[in-house]
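Have a look at the structure below before the remarks.
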Amino acid sequence: MSKKPEKSVPDLRFKGFTNDWEQKKLGDVAKIISGGTPSTTISEYWDGDINWYSPAEIGEQNFVSQSIRKITEVGLAKSSAKLLPVGTVLFTSRAGIGKTAILSKKATTNQGFQSIVPHENQLDSYFIYSHTNELKKYGERVGAGSTFVEVSGKQMAKMSLIIPKIEEQKQIGSFFEQLDTLITLHQRKLELLKQNKKFLLQKMFPKNREKNPEIRFSEFNNDWEQRKFGDIFKSISDKGHPHLPVISATQDAGMVLRSDSGHNIQHDKSSEKGYKRVQPGDFVIHLRSFQGGFAASKVEGITSPAYTVIRFLDSNQNFYFWKNIFISQRFIKSLVKVTYGIRDGRSISYSDFKNLKWNFPSNDEQKKIGTHIEKVNSLITLHQNKLEKLQNLKKFLLNKLFI
């Protein structure tokens, strides 16, 4: 017998719905259908007009309408593949269990699926699609196989659900469809901004053996100057400031307060008097050479004496310009000449780094480039924050609008 649910209504409900939710088996409100693969040696089975999905194609989109490969009517008839209706929720059932998508066009799948075909007026497609995390957890828990984990159609049909009447399902499904659309919109905007930044880093800085970049602001036309890094930066070893907060190098945010880094790193407090002081506008060369191993700092604090703190010799150099130089792929590749060690233990030799040569423009052009790219960085951060808020809102509402 099924265990009686602890509660029969969710914490939050749309206005107008008061009936208790009911416990059902997935097989009571949907048909679970596997797929099949026509013989790949018979050409007349392939390159037709019928979509045929494999698990590798699922997971990036909420709705799918075009598969990579297609089969013919003959291929469908001569295989165990089934033509699935619009609204079917594709569910991957083998290694990589739990990826889902909703069909917006009739299609077939290979045998790596146990697809959910909702019974009319009993189960809403987007309502059950919004249960993806629960479907995945259930499939992984009950799946079995000597070679790899796999969940059968019979097992999926036995999954217990607590669901409302179809009208409330549709209201909930419609709400999450709109929310997912908004999340997808912000994800696309964020990706476009990141692509724009990548383009700027490639085009606004000179390529190897080139004096000038491909794209420049119209008021600048002088050649960029080539000098050693040792002519631009100096190494700073300012110790004896244990009253300052400890800061750490991060992969994406540069130097941050250790208390904000998300890592609880234990250290001997008495050793802090030997830590190096970092001021806003400094750069820190840290031991591990991820993203080039150079972290820009906008905060004041102290950091490991094993790190190298560098500062501009000329205060007119632009912080944001050099910050983006140090995360550019061209600069990171150039560090091969000045790193030593293996794998994650690769470290950067400052004595060799200061003899590396690099092209850079006038202070005015640096400022213009740095400011422009930093505006893009600010937009990226803005959209990342909006996206995180929407994703957190969805997570909260999934807990409150479902049982």
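The values are calculated or read from the model by the stated rules, or taken from the named source; none is laboratory data. Every value quoted in this text rests on a predicted model; they were computed, and no experiment measured them. Here the Cβ is made from the backbone with ideal geometry for all residues, glycine too, and neighbour counts use every protein chain on show.
When restricted to residues that are at pLDDT 85 or above, in a strand (DSSP E or B) and not hydrophobic (A, V, I, L, M, F, W, C), the stretch 308-349 contains 2.
The rows are residues; the columns are (1) under 24 Å from the mean Cα position of the chain (by Cα); (2) not aliphatic (A, V, I, L, M).
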{"residue": "ALA144", "(1), (2)": "no, no"}
{"residue": "PHE148", "(1), (2)": "no, yes"}
{"residue": "SER152", "(1), (2)": "no, yes"}
{"residue": "GLN169", "(1), (2)": "no, yes"}
{"residue": "GLU177", "(1), (2)": "yes, yes"}
{"residue": "LEU185", "(1), (2)": "yes, no"}
{"residue": "LYS189", "(1), (2)": "yes, yes"}
{"residue": "LEU193", "(1), (2)": "yes, no"}
{"residue": "LYS198", "(1), (2)": "yes, yes"}
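Summed over the stretch 205-234, residues that are among the aliphatic types (A, V, I, L, M) and either assigned by TED's automatic domain parsing to the domain that holds THR371 or over 37 Å from the mean Cα position of the chain (by Cα) (or both) total 1. Just one of the numbered conditions (1) surrounded by fewer than 16 Cβ atoms within 10 Å (Cβ to Cβ); (2) touching a strand residue (DSSP E or B) at 6+ places or on another chain (Cβ under 9 Å); (3) outside any helix (DSSP H, G or I) is not true of ASP352: (3). The one condition from (1) within 19 Å of ASP28 (Cβ to Cβ); (2) assigned to a helix (DSSP H, G or I) that ASN133 does not meet is (1). Residues in the stretch 234-260 that are out of contact with any His (no Cβ under 8 Å at 6 or more places or on another chain), within 19 Å of VAL299 (Cβ to Cβ) and either in contact (Cβ under 8 Å) with a residue 60 or more places away in the chain or among the hydroxyl-bearing types (Ser, Thr, Tyr) (or both): 9 in all. The residues in the stretch 320-335 that are under 16 Å from LYS228 (Cβ atoms) and either surrounded by fewer than 19 Cβ atoms within 10 Å (Cβ to Cβ) or not aliphatic (A, V, I, L, M) (or both) can be counted, and the count is 4.
Within the stretch 211-224, the presence of at least one residue that is closer than 17 Å to TRP358 by Cβ, modelled with pLDDT under 90 and in contact with an Asp or Glu (Cβ under 8 Å, 6 or more places away or on another chain) is confirmed. Among the residues of the stretch 26-72, those that are closer than 28 Å to THR184 by Cα, free of Cβ contacts under 8 Å to residues at least 60 places away in the same chain and assigned to a loop (DSSP other than H, G, I, E, B) comprise SER54, ILE58, GLY59, GLU60, GLN61, SER65, GLN66, SER67, ILE68.
Sort through GLY59, GLY35 and tell me the only one that's modelled with pLDDT under 95, out of contact with any helix residue (DSSP H, G or I) (no Cβ under 7 Å at 6 or more places or on another chain) and not charged (D, E, K, R).
After applying the criteria, what remains is GLY59.
Just so you know, in the stretch 9-48 the residues that are surrounded by 13 or more Cβ atoms within 10 Å (Cβ to Cβ) and of a type in the set (Lys, Arg) include one that is nearest to LEU83 (Cα to Cα), and it is LYS31. Among residues belonging to the stretch 114-130 that are outside any helix (DSSP H, G or I) and touching a Phe, Trp or Tyr at 6+ places or on another chain (Cβ under 7 Å), point out the one that is farthest from ALA157 (Cα to Cα). Among those that are outside any helix (DSSP H, G or I) and touching a Phe, Trp or Tyr at 6+ places or on another chain (Cβ under 7 Å), it is SER130. Considering (1) over 30 Å from TRP21 (Cβ atoms); (2) surrounded by 18 or more Cβ atoms within 10 Å (Cβ to Cβ), the lone condition that LEU401 does not fulfil carries the number (1).
Every condition in (1) free of Cβ contacts under 8 Å to residues at least 40 places away in the same chain; (2) over 22 Å from ASP47 (Cβ atoms) holds for GLY75 except the one numbered (2). Scanning the stretch 348-374 for residues being under 19 Å from ALA296 (Cβ atoms), in the same structural domain as THR250 (by TED's automatic domain parsing) and among the hydroxyl-bearing types (Ser, Thr, Tyr) gives a total of 1.
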